[in-house]
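One structure below.
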Amino acid sequence: MTRISLVTGAGSGVGRAAALALLGAGDTVYLTGRRIEALEETAAEATSGEAVVHGADVTDPASVAALFAAIQSRHGRLDVLFNNAGAAAPSTNFGDLTWEQWRSMLAVNLDGMFLCASAAFRMMRDQTPQGGRIINNGSISAHAPRPGSAPYTSSKHAVTGLTKSISLDGRAYGIACGQIDIGNAATPMTMRMAGGVPQADGRMAPEPRMDVADVGRSVLFMAGMPPDANVQFITVMATAMPFIGRG
């Protein structure tokens, strides 16, 4: 049976890499995000599988509901959700943050993550055969902050709690939930790292990046686990990035 997968934020970066990896394995993959043109570009890169473009805003409950209704109507089930859509923001000292900056970040990185995971959980619980897999995109920031990253870091720590709760509550229904924590994948979001980013000691320093396709392969590995096994947490990072130890 063909695996039915959904990738949020599939129009670029990590989402595109994961979608292409799943398509390469022969999945039917729903590509969702706010920019239809970007989603169509992802679909055009696929050489196998079936790409289904469906625009949605993960921060809008009605938009998320329409997305999952479309999947239910066409295929009647969902096997894998890569809950990836997220946002980043410029480094801002905690004392200078505004309420608007805080809420804007959490709306995408936490509220959107909840809305998609909740809809996927209910579909996987109610379908026959029961079960499925939810993979949440965490971050290295779920473990340690960068300077000036309070909203982003808080959202990613919250994703870890969400992942654990879904994993626990999903046991009775055959729903596995895991988290991928990514460090310095080469995407448009991390281009600034080549020119230097703030370090904990106050310096600005460039940081190495890794091929984003390695993230896609990691998501595919998680998605391909048998129903009785789960990759609870996985960290994929540039080998020489200053995360482990003192830099």
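Kindly check whether there is at least one residue in segment 219-229 that is more than 16 Å from Asp181 (Cβ to Cβ), touching a residue at least 40 places away in the same chain (Cβ under 8 Å) and either touching a Cys at 6+ places or on another chain (Cβ under 7 Å) or open to solvent by 70 Å² or more (accessible area, probe 1.4 Å) (or both).
Scanning segment 219-229, I find at least one residue that is more than 16 Å from Asp181 (Cβ to Cβ), touching a residue at least 40 places away in the same chain (Cβ under 8 Å) and either touching a Cys at 6+ places or on another chain (Cβ under 7 Å) or open to solvent by 70 Å² or more (accessible area, probe 1.4 Å) (or both), so the answer is yes.
Just checking, how many residues over segment 186-202 are touching a strand residue (DSSP E or B) at 6+ places or on another chain (Cβ under 6 Å) and closer than 23 Å to Ala223 by Cβ?
0
Tell me which of these Met105 doesn't satisfy, since it passes every other one: (1) under 26 Å from Gly174 (Cα atoms); (2) open to solvent by less than 30 Å² (accessible area, probe 1.4 Å); (3) aliphatic (A, V, I, L, M).
(1)
Can you report the number of residues in segment 144-163 which are assigned to a helix (DSSP H, G or I), open to solvent by 20 Å² or more (accessible area, probe 1.4 Å) and in contact (Cβ under 8 Å) with a residue 12 or more places away in the chain?
7
From the set of residues in segment 182-202 that are over 13 Å from Ala88 (Cβ atoms) and without any contact (Cβ under 8 Å) to a residue 60 or more places away in the chain, which is surrounded by the most Cβ atoms within 10 Å (Cβ to Cβ)?
Per the stated criteria, the residue is Ala186.
Each row is one residue, and each column tells you yes or no for (1) at pLDDT 95 or above; (2) in contact with a helix residue (DSSP H, G or I) (Cβ under 7 Å, 6 or more places away or on another chain); (3) within 20 Å of Cys177 (Cα to Cα).
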position	(1), (2), (3)
Ala69	yes, no, no
Ser73	yes, no, no
Asn83	yes, yes, yes
Ser91	no, no, no
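Does any residue of segment 63-85 turn out to be part of a helix (DSSP H, G or I), open to solvent by less than 50 Å² (accessible area, probe 1.4 Å) and of a type in the set (Phe, Trp, Tyr)?
Yes, segment 63-85 has at least one match.
(1) within 18 Å of Ile166 (Cβ to Cβ); (2) under 15 Å from the mean Cα position of the chain (by Cα): which one isn't true of Phe68, the others all being true?
(2)
Restricting the search to segment 3-33, which residues are at pLDDT 95 or above and open to solvent by 30 Å² or more (accessible area, probe 1.4 Å)?
Arg3, Arg16, Leu20, Gly24, Ala25, Gly26
How many of the residues in segment 105-143 are without any contact (Cβ under 8 Å) to a residue 60 or more places away in the chain, of a type in the set (Lys, Arg) and closer than 19 Å to Leu22 by Cβ?
The number of residues fulfilling the criteria is 0.
Of the residues that sit in segment 203-217 and are within 17 Å of the chain's Cα centre (by Cα) and open to solvent by 60 Å² or more (accessible area, probe 1.4 Å), which one is farthest from Gly138 (Cα to Cα)?
Ranking the qualifying residues of segment 203-217, first place goes to Asp211.
Just to be sure, is Ala85 free of Cβ contacts under 8 Å to residues at least 40 places away in the same chain, in contact with a strand residue (DSSP E or B) (Cβ under 6 Å, 6 or more places away or on another chain) and within 23 Å of Asn184 (Cα to Cα)?
The answer is no for Ala85.
The values are calculated or read from the model by the stated rules, or taken from the named source; none is laboratory data. Because the structure is predicted, anything quoted here is derived from the model rather than measured. Cβ coordinates were reconstructed from backbone atoms using ideal geometry, including for glycine residues, and neighbour counts include every protein chain displayed. To get the accessible areas, we keep the full protein, side chains included, count just its heavy atoms, and leave off ligands, DNA and RNA. Shrake-Rupley method; radii C 1.70, N 1.55, O 1.52, S 1.80 Å.
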